[in-house]
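**Student:** Sharing a structure here in structure tokens format.
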Amino acid sequence: MTTTFIKTVYKLVVLAVLSMLGFLFAPEAHAHEVEPTIGDLTVADGQAELTLRINLEAFIAGIDLDSISDTNDAENAAGYDALRAMSGEDIRQRTPALLDMWNDLPLLSVDGVPVQLESQSMRVPEDVDIELSRVSEWVLRGEVADAAQHVTLSWPEGAGAMVLRQQGVDAPFTGYLAGGETSPEISVAGGCDVCLRGACQLYPCWV
């Protein structure tokens, strides 16, 4: 019980600090520092949309982001450094395999049904300082039932931390996922079932 409480407080402190910063993945971030992926999730009008602010090179290189805080410590650090020097188009060409793995997981499920996500758009910054991490924006979309009630996101093992933020609703869910964790059931109408049942009175939106 004490361990769960400590983990909960830690997650909430992380979220509070990130919110106070006003932005995530600051341009000044060091090239080798592991930063969380930011996921903005919207489910509406028969579609699920997940917008990721993500260090694609680290994922493509296969770095285990759960076990390190600095990519210099990874076994395949050289491969990561080589990817950071590539063009945005070269990186885009390497992402379909990553998306296939996520869909096999599956990354996103609505009412227990896996959502087949497709790449809608991707922005990979060009001409970035090689000494800085490159944060790309990747928009994924998939069709869902119009009457969808709940959505869950399963973040893969080795993917490091994710800050998941629900968009487009009142009382949106915000949560912190470590690699290998699955979110609680998030109500498409806003919030999560834990909060709606009144089981999380002290720390709303995450337990």
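The values are calculated or read from the model by the stated rules, or taken from the named source; none is laboratory data. None of these values were measured; they are calculated from a predicted model. Backbone-built Cβ (ideal geometry, glycine too); neighbour counts: all protein chains shown. The accessibility values were calculated without ligands, DNA or RNA, using every heavy atom of the protein model including side chains. Shrake-Rupley method; radii C 1.70, N 1.55, O 1.52, S 1.80 Å.
**Student:** Given R₀ = 25 Å, what would the calculated FRET efficiency be for GLU89 paired with GLU157, taking r from the Cβ atoms and rounding to 0.05? Don't skip to the end; give the middle numbers.
**Tutor:** Details: r = 29 Å, r/R0 = 1.17.
Plugging the Cβ-Cβ distance into 1/(1 + (r/R0)^6) gives 0.30.
**Student:** Fully extended, how many nm does the chain gain between THR182 and ASP170 (0.36 nm per residue separation, minus their Cα-Cα distance)?
**Tutor:** Full extension of this stretch gives 2.1 nm more.
**Student:** Which order do the peptides 151-158, 32-39, 83-90 take when ranked by the mean count of other beta-carbon atoms within 10 Å per residue, highest first?
**Tutor:** Numbers: 151-158: 18.6, 32-39: 20.6, 83-90: 14.9.
Taking the mean over residues of other Cβ atoms within 10 Å, the ranking is 32-39, 151-158, 83-90.
**Student:** Continuing with the same structure: In square angstrom, what is the accessible area per residue of region 120-173 with a 1.4 angstrom probe?
**Tutor:** 50
**Student:** What order, most packed first, do the peptides 136-145, 113-122 have when packing is the mean number of other Cβ atoms within 10 Å of each residue? Kindly include the intermediate steps, with their values, before the conclusion.
**Tutor:** Numbers: 136-145: 17.8, 113-122: 15.0.
My ranking of the peptides, most packed first, is 136-145, 113-122.
**Student:** Considering the Cα trace of region 38-139, what is its radius of gyration and what is Dmax, both in angstroms?
**Tutor:** 14.7, 44
**Student:** May I ask you to compute the full-extension gain from GLU118 to ALA189, defined as 0.36 nm times their residue separation minus their alpha-carbon distance, rounded to one decimal in nm?
**Tutor:** Contour length minus the Cα-Cα distance gives 23.2 nm.
**Student:** How many nm separate the modelled label positions at GLU143 and GLN47, each set 7 Å beyond the Cα in the direction of the Cβ?
**Tutor:** Using points 7 Å along Cα→Cβ, the separation is 1.3 nm.
**Student:** Going by average Cβ density within 10 Å per residue, which order do the peptides 165-178, 45-58 take, highest to lowest?
**Tutor:** Working: 165-178: 17.6, 45-58: 20.4.
So the peptides 165-178, 45-58, ranked by packing, come out 45-58, 165-178.
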